[in-house]
Amino acid sequence: MVLRRNRSAAACILGLSALVLSRSASAQEWTRFRGPNGTGMGAAASIPAQFSPAHYNWRVALPGEGHSSPVLWGKRIFVTSAEEEKNKRHLLCLNAADGKILWTRSYDYQPYRRHGFSSAANTTPATDARRVYVLWPTPDAFLVIALTHDGREVWRRDLGKVATQHGAGTSPVVYDGLLLFAAEPDGGEGALFALDCETGKTRWKRDRASKDAPYSVPLIFRPRGGGAAAAQVVFTSTSHGVTGLDLKTGAVVWEVTDLFRARCVGSPILVGDLIFATAGNGGGDRQAVAVRPSAGGDKAEVAYRMPRGASYVPTPIAVGEHIFLWGDGGIVTCVKAATGETVWQERVGGNYLGSPVCAGGKLWAMNTRGELVVIEAAGVFKLVARNDLGEPSHATPAIAGGVMYLRTRSHLISLGGKAKTKAAATRP
């Protein structure tokens, strides 16, 4: 039942200003999974809610297939794909203006067992002003590779075996000269890492036991009462709940355990002074919790738990006073961010493995059939549009420079912006 309406047309932009922490966000770059600090918030008023292929700036074929999302710096797009019949993974760089592939770097890998919804190109790269970073995990090797924007390899690390039941899933984050990510298996000893972006050397490593391999992406958090030195990185997992670590040393500052029965796939998000996190499994078990760190950032406690309506794979999104949980089975739940109280719950249809983003006061999410579904980011449900992309998708849109980039199984699409350009390459 609809309880209230958020009438602020500028909700996305207000949320962006309040939540964005990274330096790259001020330049409107999209440097990691779900953009600036994982908020999913993008400034792009020119994207048409209802469109056809005639509206595309370009649609480019990628070699093989994959489920990772694109990242951008300036006019360069970085995205991964895999030709599984050849046992080859690819990192590609494209020109954002026309979709032309500027370079491709390919890597051999040994076949491995994974979930049917997975691919050999799941992990989303991360980028900064100088380099692009990619994780290439398999059960036998966990490769981390850094390349320049021109495709020259700078360094690589092999962190050893990290065995997972469903294949690779987590993605890295760049912040303050550190490459941050989790390498945690299904049952066994894992670790949280901070590598030096310049050299690839380990700046810190936090060993810890792992029950269910988490696929969530870390979050940067600054306590209300602290300065830059108090910055923390937040990880979620079944075994450890929600953990805040000192960004410089990797020391555990606080940890709230016994939160999750299932696997953390959706990533944690920052909602004002709360950290909101989810977990779930394929059997329908779902958990969602809001954790409130103290003003000094030295401890944390549970603010509230959601009894129903949580998502499993898709990461929630916060807009203004609301959190939207885009359910795997196509049910979207809007709750009050402060309390978790349900505002509305509606079915939009389809199944979802990608996560929603926000632009122009609307939420955009791609379902597995390849539909881009658009709804109002408001306290009253309103379905705005459904757009057929012509190919399945498990990915999350990216937004930069007023343009939205949509990754389907084997294509990358550019939509919106000031002017449409001729397609660089197409494939039915």
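If I filter region 227-280 down to residues being acidic (D, E) and at pLDDT 95 or above, which single residue comes out as nearest to R34 (Cα to Cα)? Break it down into steps so the answer makes sense when it comes.
Within region 227-280, the subset acidic (D, E) is 246, 255, 258, 273.
Subset that is at pLDDT 95 or above: 246, 255.
Numbers: D246: 23, E255: 24 Å.
Filtering first and then ranking leaves D246.
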Checklist entry - Is it true that V313 is surrounded by 17 or more Cβ atoms within 10 Å (Cβ to Cβ) and assigned to a strand (DSSP E or B)? => result no
Checklist entry - Would region 221-244 turn up any residue that is in contact with a Cys (Cβ under 9 Å, 6 or more places away or on another chain), of a type outside the set (A, V, I, L, M, F, W, C) and outside any strand (DSSP E or B)? => result yes
Checklist outcome for this item: Taking first residues from region 135-155 that are within 22 Å of Q110 (Cα to Cα) and at pLDDT below 95 and second residues anywhere that are part of a strand (DSSP E or B) and among the aliphatic types (A, V, I, L, M), the pairs with Cβ under 7 Å that are 6 or more apart or on different chains are L135/V144; W136/L143; W136/I145; F142/A183
Checklist entry - Does any residue in region 253-275 that is closer than 14 Å to R222 by Cβ come within less than 6 Å, Cβ to Cβ, of a residue that is crowded, with 23+ Cβ neighbours inside 10 Å and modelled with pLDDT under 95 six or more places away or on a different chain, and which pairs are these? => result none
Checklist entry - Of the residues that sit in region 391-412 and are among the β-branched types (V, I, T) and crowded, with 24+ Cβ neighbours inside 10 Å, which one is farthest from W30 (Cα to Cα)? => result T396
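The values are calculated or read from the model by the stated rules, or taken from the named source; none is laboratory data. These numbers come from a predicted model, not from an experiment. Cβ coordinates were reconstructed from backbone atoms using ideal geometry, including for glycine residues, and neighbour counts include every protein chain displayed.
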